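To start, the structure under review is shown below, and the notes come after it.
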Amino acid sequence: MDQHSALCFVLPTGIILAYFVAALAPNMEAANAILPTYVVTCLYFGGLLMTFDSMPPCWAWYSNIDFIRYGWGTLMMNQFQDNDPIWVDNRTVLEFYGVSASHASSYHETGAAVADSDAAVAST
């Protein structure tokens, strides 16, 4: 999956999330409070601000349902899979952030599922 595919996954997901929160919120003020709060928690558990190794075990499940994780992980795999320099503590960039080749299949499968659903929506 390339950067464009990752963008095509994360951007519509964010828009859908905004519509979902707006539909459930009782008013605009509540929606304006709920959406940023949820997105900030997604940023923390997406893997960039808090690495997967440093997450508390009781919160590890949250990163698996975090839509930002898959877009960010795909971007990291795209940038560093073929050229992964040694970075911190004699570990490569992907090792430091906990994004490995074993996770690549989940990023690709998630992106493929979204692409299939986008194609189905576009054809209707």
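Bear in mind that the values in this text are calculations on the coordinates, not laboratory data. Note that this is a predicted model, so its numbers are computed, not measured. So basically every Cβ, Gly included, is an ideal-geometry build from the backbone, and we count neighbours across all protein chains shown.
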Could you list CYS8, CYS58 so that the one with the fewest beta carbons within 10 Å of its beta carbon is first and the one with the most is last?
CYS58, CYS8
Show me, for the range 77-92, the HN-Hα J-couplings you get by feeding each phi into the Karplus relation (A = 6.51, B = -1.76, C = 1.60, θ = phi - 60°), rounded to Hz, glycine and proline as x.
5, 5, 7, 10, 5, 8, 9, 9, x, 5, 10, 10, 6, 6, 10, 6
Under a crude label model (7 Å from the Cα following the beta-carbon direction), how far is LEU11 from ALA25 in nanometres?
2.3 nm
For TRP87, other-chain or 5+-apart residues with amide H closer than 5 Å (H placed, Pro excluded) are THR92, VAL93
Once amide hydrogens are built 1.01 Å from N within the peptide plane, the residues lying 5 or more places from MET50 or on another chain with amide H under 5 Å from its amide H are none
